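Nothing in this text is a laboratory measurement; each read-out follows from the coordinates by a stated rule. Note that the structure is predicted; figures quoted are calculated from it, not measured. As a convention, Cβ positions derive from the backbone with ideal geometry for all residues, glycine included, and neighbour counts pool all protein chains shown.
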């Protein structure tokens, strides 16, 4: 019984390594992908005084960032620049990304990226939210992708599905086409 369990665990580990190796980009492929600076997810709570931002909403912001990066990396359309902690603190302390008259381009240049991206979620109420995804070209200073989707319901699933919809139906075809 113990041997079967050990074999099953070993097999699971070996298979996961195999999948990871197949999913990992080859050195040449990674080098040819544009470097993107993802500057985070901003959350605009229109009713902060009545319904303060929750820990669950903060957690969803981090989950969106991970989902965005994973989707673009897996599709082979972007490699992500490291955003140092000092820059993250500067971003948090400064004006809102997308409303700062070009600061997002400066941050992307500092990170050595040719593209910049961010997500903004606006909460009108717990029933009505809006998600916006922005991608810009650092050299031209122009946005190359702006799209939004309305969200009904303030749940982990509704946020995840909304980003999946934007990625699968708009952003990934735009970046690969």
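Structure data summary
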{"quantity": "Residue exposure sequence - 99, 57, 51 - by fewest surrounding Cβ within 10 Å", "calculated": "99, 51, 57"}
{"quantity": "Potential extension, residue 66-residue 137 segment - 0.36 nm per residue separation minus Cα distance", "calculated": "23.4 nm"}
{"quantity": "Residues 127, 163, sorted so that the one with the fewest Cβ neighbours within 10 Å comes first", "calculated": "127, 163"}
{"quantity": "Label-point separation, residue 82 to residue 174 (7 Å along Cα→Cβ), nm", "calculated": "2.9"}
{"quantity": "Cβ-Cβ FRET estimate between residue 145 and residue 51, R0 fixed at 35 Å, reported to 0.05", "calculated": "0.70"}
{"quantity": "Square roots of five times the Cα gyration tensor eigenvalues for segment 33-176, Å", "calculated": "24, 18, 13"}
{"quantity": "Two-site FRET efficiency, residue 106 against residue 74, from Cβ-Cβ distance with R₀ of 30 Å, rounded to 0.05", "calculated": "0.55"}
